[in-house]
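Please read the structure below before turning to the comments.
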Amino acid sequence: MKAAMDLIYLVSCAVNEEKPDAEKCAATAILPVNATESYIRGDANGDGHVTIMDATVIQRRLVELEHLNSDRIKAADVTGEGLDISDATAIQMYLAEYENTFKIGETVIYDEYELPFIPVK
Ligand SMILES: [Ca+2]
């Protein structure tokens, strides 16, 4: 699931008290309230569910039999350490109802983006 990513820029300035005419401004990019990006942690194939197919897709990606775009890799990297076999194992353990240490199956929502400092002047 992915919505449009039109960015709104919020510009804020701080006045330098030692030099009253000097301002330091920064622009922060944020997303509109209704523009969200979300994914289900562990849903490597993007079908909206976490199943054994997601572990299989990760395994196939690791031996270069499958391509995953950056959004799918983000969902597949359940351990947060880069995509590797531990992600497939974690999904298998989740499906076998072991303790869900990595919050697999939970929806991860981004509703606001903050980009690095952007000097305005
Ligand atoms: Ca899936």
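Any residue in segment 58-68 that is within 12 Å of the ligand (Cβ to nearest atom), assigned to a helix (DSSP H, G or I) and aliphatic (A, V, I, L, M)?
Yes, some residue in segment 58-68 is within 12 Å of the ligand (Cβ to nearest atom), assigned to a helix (DSSP H, G or I) and aliphatic (A, V, I, L, M).
Would you say GLU112 is assigned to a loop (DSSP other than H, G, I, E, B), modelled with pLDDT under 90 and under 16 Å from the mean Cα position of the chain (by Cα)?
yes
So MET93 ticks every box in (1) surrounded by fewer than 19 Cβ atoms within 10 Å (Cβ to Cβ); (2) within 13 Å of the ligand (Cβ to nearest atom); (3) outside any loop (DSSP other than H, G, I, E, B) but one. Which box is left unticked?
Result: MET93 passes all but (2).
Looking at segment 35-46, can you tell me whether even one residue there is more than 13 Å from PHE102 (Cβ to Cβ), more than 12 Å from the ligand (Cβ to nearest atom) and of a type outside the set (S, T, N, Q)?
yes
The values are calculated or read from the model by the stated rules, or taken from the named source; none is laboratory data. Only a predicted model underlies this, so the values are computations on that prediction, with no experimental measurement involved. Please note: Cβ atoms are built from the backbone with ideal geometry, for glycine as well, and neighbour counts cover all protein chains shown.
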